[in-house]
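Structure first, then comments.
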Amino acid sequence: MTTRRPLIPVVLAAGAALAPAAAAQSPPPTLSWDRACYTEHQQMVFSGTGYTPGGAVELRFTRAGSSIGAFETTADAAGGLADFVMADEEQVLSDAEERERVGASAGDQTRADQGVQPAESTLTTFTFTRWMGFSPARYVPGRKAPVEIFGWAFAEGRPAYFLFRRGRRTVASVNLGTIAGPCGDLTARAKVPRKLRAGTYKVWLSTDPRRPSERSTWRWAKVTKKAAAAAAATAPRRMHRA
């Protein structure tokens with residue numbers, strides 16, 4: 001559970017969302033998101049119009065028609081929304097899922113209580129993704145190795161680097177290219193610097209060319225001069241998150 005503006009797990013009673021429908025008196029309220037894809041602990045920024053000025057608004061989040069959470073906010077003096085919510089992976093995705101679509105709508109509680117319709121925005125959707133990194137366990141200087149960044153939505157459009165580190169020192173840094181959106185993915189073949197000596201390194205996927213970034217992934221790996229010894233361990237494996 002996040003500590004600021006979290007997505008709150010809820011159980012909604014069937015048929016309890018709105019009061020009996022009355023004739024539509026105004027356009028439905030709106031709800032929109034600043035991105036098409038988010039990951040955990042990332043601000044999911046939303047905006048909206050057409051709500052009761054100063055009134056309570058409840059956002060409801062669903063997956064495949066089932067409720068997964070809610071978030072309460074308040075409309076401004078003009079009836080607009082401008083806020084954000086955050087969520088953990090476990091609140092949105094099952095253990096076997098990496099990336100899924102989420103539906104969201106916002107209900108005007110004042111309208112609902114008074115039976116004034118429409119009180120609910122139309123359903124909006126976005127993608128929620130895990131963020132991960134993958135790299136091999138062995139490397140040969142001068143050869144290329146496959147690496148992958150997956151779901152770094154928080155770093156879309158930023159350059160990515162593959163770091164070879166010993167202790168607190170970056171021995172070599174390889175520019176992998178740009179993390180592409182909307183969910184922040186990048187598959188690359190990193191050319192292992194020839195200057196690396198054989199031995200054990202801590203390798204990182206980072207958005208900083210000199211050190212691990214705030215969100216980064218790592219694993220222990222070996223650099224070897226023997227291509228045959230490295231061939232059996234070149235498949236990328238999931239890295240640890242910093």
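Summary table below
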| item | result |
| --- | --- |
| Tally of residues being modelled with pLDDT under 95 and farther than 16 Å from Ala172 by Cβ across segment 188-236 | 11 |
| Flag if Phe71 is in contact with a Pro (Cβ under 9 Å, 6 or more places away or on another chain), surrounded by 18 or more Cβ atoms within 10 Å (Cβ to Cβ) and either outside the structural domain of Val45 (by TED's automatic domain parsing) or within 30 Å of Leu163 (Cα to Cα) (or both) | no |
| Filtered residues of segment 6-24 (kept if at pLDDT 60 or above and either in contact with a Leu (Cβ under 6 Å, 6 or more places away or on another chain) or assigned to a loop (DSSP other than H, G, I, E, B) (or both)) | Leu7 |
| Qualifying residue in segment 103-126 (condition: touching a residue at least 40 places away in the same chain (Cβ under 8 Å), closer than 30 Å to Arg219 by Cβ and under 19 Å from the mean Cα position of the chain (by Cα)) | no |
| Some residue of segment 101-112 being among the charged types (D, E, K, R) and closer than 14 Å to Gly69 by Cβ | no |
| In segment 37-49, the residues that are assigned to a strand (DSSP E or B) and surrounded by 16 or more Cβ atoms within 10 Å (Cβ to Cβ) | Cys37, Tyr38, Thr39, Met44, Phe46, Gly48 |
| Complete set of residues in segment 47-77 that are hydrophobic (A, V, I, L, M, F, W, C) and closer than 21 Å to Ala36 by Cα | Leu59, Phe61, Ala64, Ile68, Ala70, Phe71 |
| Pair list, Cβ < 6 Å and 6+ apart or interchain, from segment 181-197 residues that are assigned by TED's automatic domain parsing to the domain that holds Ala137 to residues that are among the basic types (Lys, Arg) | Arg189/Lys144; Lys191/Lys144; Val192/Arg143 |
| Residues satisfying the stated conditions in segment 150-177, i.e. under 27 Å from Met44 (Cα atoms) and among the hydroxyl-bearing types (Ser, Thr, Tyr) | Tyr161 |
| Selection from segment 50-66 of residues that are under 20 Å from Asp113 (Cβ atoms) and among the hydroxyl-bearing types (Ser, Thr, Tyr) | Tyr51, Thr52 |
| Residue in segment 33-45 that is in contact with a Leu (Cβ under 8 Å, 6 or more places away or on another chain) and farther than 18 Å from Val116 by Cα present | no |
| Subset tally (residues that are surrounded by 20 or more Cβ atoms within 10 Å (Cβ to Cβ) and either touching an Asp or Glu at 6+ places or on another chain (Cβ under 7 Å) or closer than 16 Å to Arg130 by Cα (or both)) for segment 87-105 | 4 |
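The values are calculated or read from the model by the stated rules, or taken from the named source; none is laboratory data. All values derive from a computational prediction rather than experimental measurement. Please note: Cβ atoms are built from the backbone with ideal geometry, for glycine as well, and neighbour counts cover all protein chains shown.
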